1. Put a dot 7 Å past each Cα toward the Cβ at Lys73 and Arg43; how far apart are the dots in nm?
2. Amide H neighbours of Cys81 under 5 Å, counting only residues 5+ apart in sequence or on other chains, H built in-plane at 1.01 Å?
3. Work through the residues other than Pro108 whose Cβ is under 13 Å from its Cβ and net out their charges, Lys, Arg +1 and Asp, Glu -1.
4. Contour minus end-to-end for Tyr33 and Thr82, with contour as 0.36 nm per residue of separation and end-to-end as the Cα-Cα distance?
5. Which whole-number percentage describes the relative contact order of the stretch 9-151, with Cα contacts under 8 Å and a sequence gap of 6 or more?
6. Using the Karplus equation 6.51 cos²θ - 1.76 cosθ + 1.60 (θ = phi - 60°), what ³J(HN,Hα) coupling, rounded to whole Hz, does each residue of the stretch 5-16 give in order, writing x for Gly and Pro?
7. For the stretch 15-123, rounded, prolate or oblate, judged on the Cα gyration tensor with a ≥ b ≥ c (square roots of eigenvalues), a/c < 1.5 rounded, else prolate if a/b > b/c?
8. Using per-residue counts of other Cβ atoms within 10 Å, averaged over each peptide, order 74-85, 32-43, 101-112 from highest down.
Amino acid sequence: MGAPKLPRFSVNFDEWFPQGLYLVGEITAVTEYQSQEDRARNRPVRPRVDEVTGYPLFRGTFADPSAEKDREKSVTVEFTCTHQPVPPGAVAGLPFRPVVLEGMTVQPRAEASGQAKWITWTIRATGMKTPGATSTETTAGRPTPGKSLADTPNRTAA
């Protein structure tokens, strides 16, 4: 049996981020590249979809306080879910919002600069929640179990 084309490994959030993870900024939709010609012709911007799940992609930048190298302190996470994830509320006195990623997977990716080569990781998740919250108190990009999409705050039914 050959290796899968797009290997993704399920990982434990607490093992990858032992000191937690903090959202910096907002979660935004990832869109396909649009050339100047496309913009000039007023072609609509299309959302990029995940090649494995078929769900739209959303992206956020996070701070990792446990990172040893400066270049690793900023982490980009892609969310693959039906609706844009809603981050937890801000905590008084903190400039960042602490989060716990749900459904976290990683995928290896080769990087190169000149002759130097190394492995980096593409981090994906299906949602996020407030640290210490139960799975029913999720802020993921999907409704929580037992709730309809219309009951989820800040979202409208599709």
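1. With each label point 7 Å from Cα toward Cβ, the separation is 4.1 nm.
2. Under 5 Å from the amide H of Cys81 lie the amide H atoms of Phe58, each far enough along the sequence or on another chain.
3. +4
4. Answer, rounded to one decimal: 15.6 nm.
5. 23
6. 5, 10, x, 10, 10, 6, 10, 8, 4, 5, 6, 7
7. Oblate is the answer for the stretch 15-123, as a/c is 1.5 or above yet b/c matches or exceeds a/b.
8. So the order, starting with the most tightly packed, is 74-85, 101-112, 32-43.
Every number here is computed from the coordinates shown, using simple stated rules; none is lab data. Just so it is clear, the model here is predicted, and its values are computed rather than measured. Virtual Cβ from ideal backbone geometry, glycine too; neighbours counted across all protein chains shown.
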